[in-house]
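First up is the structure itself, then whatever we jot down about it.
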Amino acid sequence: MISAPKGTKDVLPQDSYKWHYIESAARKVAEDFNLKEIRTPVFEHTELFLRGVGDTTDIVNKEMYTFKDKGDRSITLKPEGTAGAARSYIENGLGNAPLPVKMYYIIPAFRYERPQAGRLREFHQFGIEVYGSPSPDTDAEVISAAALFLKRLGINDVGLNINSIGCRSCRASYNAALKDYLRPRLSEMCPTCRERFEKNPLRILDCKEEGCKAITKDAPRMIDHLCEDCSAHFKAVQNYLKAGGIDFNIDPNIVRGLDYYTKTVFEFVSGDIGAQSTVCGGGRYDGLIEELGGNPTPAVGFAVGLERLMLLMENTGVDFPAERGPAVFIAGMDGPGRERAFALTCAVRSLGGSAECDHMNRSLKAQFKYADKIGAEYVVVLGDSELSGGVCKAKRMADGSVTEVKLEDIPSFFAKK
């Protein structure tokens with residue numbers, strides 16, 4: 001038997017309605033915030049992620065699925081959604097549209113990492129991208145979209161942590177202070193952090209190694225080295241969040257795992273999904289478009305992993321709405337009855353209703369059992385008397401009540417259900 005590759009998971013028919021529910025909630029939030037969907041290729045040129053995500057990140061160094069295509073071009077399955085959206089923004093001249101450009105995506109993404117609860121090698125993300133606005137109220141709006149999405153799913157026991165990691169100007173002076181602090185104990189740190197020390201010391205603060213975490217616990221804080229502009233921006237973001245009734249905590253240790261972030265960074269965290277507590281993360285990335293060859297363009301967004309949401313909802317007992325079955329199951333007792341059942345099933349569907357009939361030559365009793373198993377709201381039986389009289393009885397499965405319906409009215413009657 002051939003099994004699914006490690007780190008991937010089938011979504012079975014009996015579970016897919018949960019995905020539909022989450023994705024529908026994501027699309028509804030996007031609609032309410034006037035976000036338009038963008039769909040980018042599942043693979044991109046590797047250079048996009050080297051320049052956009054950053055060559056000091058774990059994603060680029062350890063986790064990307066990269067291969068050569070038949071034209072000897074280096075191709076990578078996208079490990080996240082922002083870089084592809086930014087590339088499309090530049091390539092398709094979206095900056096010429098009225099600003100801000102507000103987009104969302106629901107995508108599969110791929111990272112080669114150790115599979116664990118809520119973290120797979122093929123996973124799915126809902127993300128938001130807003131380009132063109134440098135204003136702190138845009139940061140707050142993106143955060144509020146994430147908060148509303150989680151709330152609508154019934155996920156209430158999460159905390160919002162925010163931080164500012166400054167701009168290129170103030171980060172340069174902070175990096176110098178951080179390196180001065182780390183240099184005496186650099187030999188005690190992991191090989192990855194020793195490499196990051198020269199390339200991007202801020203990323204050391206994101207290391208998950210216990211020894212490195214102990215060393216950086218008392219390191220200088222970026223929030224204490226912000227320039228005047230970044231400090232004012234961060235204070236304004238806080239004021240907007242307060243105005244919107246969104247509770248938050250300031251966590252000076254948040255740096256996020258991607259190199260393109262600037263100024264505001266944020267995470268929604270939960271203690272109900274194991275050690276990997278981040279449910280949703282995002283922030284501002286004002287330099288990304290320019291880094292990829294476009295004009296300087298401010299940007300802010302977030303991404304949330306759908307598998308992690310599913311796990312969190314299951315762990316905290318959040319109820320998914322029950323999957324709805326067909327409005328009617330039309331049961332035929334014999335040859336003519338089965339033929340008419342098929343015809344009426346097609347007619348109900350043609351008017352936009354949900355209907356089903358038997359395809360396994362079941363007995364009438366077995367058809368009733370099957371209708372119950374698939375959650376049919378009504379069952380209609382077609383036998384000789386129904387066909388000759390032109391009237392049938394529609395039995396409501398929930399309470400056994402019966403409604404007489406003319407055969408010719410069945411399509412319109414059940415199209416409304």
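Quick note: the coordinates plus some simple rules give every number you see, no bench work behind them. Predicted model only: the values in this text are computed from it and were never measured. As a convention, Cβ positions derive from the backbone with ideal geometry for all residues, glycine included, and neighbour counts pool all protein chains shown.
Things to note:
- Residue order, fewest to most surrounding Cβ atoms within 10 angstrom, among Ser350, Ser164: Ser350, Ser164
- Dipole of the stretch 328-415, positive direction: furthest Cα of Phe414, Asn361, Gly335, with charges on the beta-carbon: Asn361
- Order of Val158, Val348 under a 10 Å beta carbon neighbour criterion, fewest first: Val158, Val348
- Which of His124, His20, His359 has the fewest Cβ neighbours within 10 Å, and the rest in rising order: His359, His20, His124
- For the stretch 328-415, the average shadow cast by the Cα convex hull is 4.9 nm², which is a quarter of the hull's surface.
- Computed lengthening from Asp372 to Tyr17, 0.36 nm per intervening residue step minus Cα-Cα distance: 126.0 nm
- Projected label distance in nm at Lys406 and Lys199, using a 7 Å step from Cα toward the beta-carbon: 7.6 nm
- The chain: angle of helix 16-32 to the longest principal axis, Cα-based, in degrees nearest 10: 60 degrees
- Remark: the Cα gyration tensor places the stretch 39-149 in the oblate category, a/c being 1.5 or greater and a/b not exceeding b/c.
- Charge sum, other residues only, whose C-beta stays under 12 Å from Gly317's C-beta, Lys/Arg counted +1 and Asp/Glu -1: -4
- Positive dipole terminus of the stretch 52-118, leading residue within Ile107, Phe67, Ala86 (C-beta point charges): Ile107
- In this structure the amide hydrogen of His124, modeled in the peptide plane, comes within under 5 Å of the amide hydrogens of Ala109, Leu306, Glu307, none closer than 5 places in sequence on its chain.
- Protection proxy ranking of 129-141, 3-15, by the mean of other Cβ atoms within 10 Å over each peptide's residues and highest first, is 129-141, 3-15.
- Aspartates and glutamates with Cα under 20 Å of Lys36, excluding same-chain neighbours fewer than 8 positions away: Glu23, Glu80, Glu91, Glu129, Asp137, Asp139, Glu141
- Measuring from each cysteine beta-carbon in the chain, the ones with no other cysteine beta-carbon under 4.7 angstrom are Cys167, Cys190, Cys193, Cys230, Cys280, Cys346, Cys357, Cys392.
- Potential extension, Ala97-Arg185 segment - 0.36 nm per residue separation minus Cα distance: 26.6 nm
- The charge dipole of the chain, taken about its Cα centre with unit charges on the Cβ of Lys, Arg, Asp and Glu (plus for the first two, minus for the last two), comes to roughly 400 debye.
- Span from the the stretch 54-114 Cα centroid across to the the stretch 316-392 one, whole angstrom: 46 Å
- Residue-span extension gain [Lys6 to Asp399] - 0.36 nm each, minus C-alpha spacing: 136.9 nm
- J(HN,Hα) series, the stretch 363-377, from Karplus relation 6.51 cos²θ - 1.76 cosθ + 1.60, nearest Hz, glycine and proline x: 5, 4, 4, 5, 5, 5, 4, 5, 4, 5, 5, 8, x, 4, 6
- Cross-link table Lys28/Lys78; Lys78/Lys217; Lys78/Lys199; Lys18/Lys406; Lys365/Lys393, entries beyond 27 Å C-alpha to C-alpha: Lys78/Lys217; Lys18/Lys406
- Spatially proximal lysines relative to Lys369 (Cα-Cα < 16 Å; intrachain offsets below 8 disregarded): Lys395
- Amide H contacts of Thr66 (H built 1.01 Å from N, under 5 Å, at least 5 apart or other chain): none
- Per-selection Rg to Rh, the stretch 161-241 - Cα, Kirkwood hydrodynamic radius: 1.02
- Taking the alpha carbon gyration tensor of the chain, multiplying each eigenvalue by 5 and rooting it gives semi-axes of 53, 22, 21 Å, largest first.
- Candidates Ala30, Ala97, Ala146, ranked by Gaussian network fluctuation over the chain, Cα under 10 Å, top entry: Ala97
- Taking θ as phi - 60° and the Karplus parameters 6.51, -1.76 and 1.60, the scalar couplings of the stretch 242-256 work out to 4, 4, x, x, 9, 6, 7, 10, 8, 10, x, 8, 6, 10, 6 Hz in sequence order, x denoting glycine and proline.
- Relative contact order (%) - criterion: Cα under 8 Å, at least six apart; region: the chain: 15 percent
- Karplus (6.51, -1.76, 1.60) ³J(HN,Hα), θ = phi - 60°, over the stretch 87-103, in Hz, Gly and Pro reported as x: 4, 5, 4, 6, 4, 9, x, 5, x, 7, 7, x, 9, x, 8, 10, 9
- Tail fraction, Cα-Cα pairs, the stretch 187-231, threshold 12 Å, whole percent: 63 percent
- Springs between Cα atoms under 10 Å define the GNM used for the chain, and in it the highest mean-square fluctuation of Glu80, Glu404, Glu323 occurs at Glu404.
- Residues of type aspartates and glutamates that Lys68 reaches as a straight line, Cα spacing below 18 Å, ignoring anything fewer than 8 places off in the same chain: Glu44, Glu47
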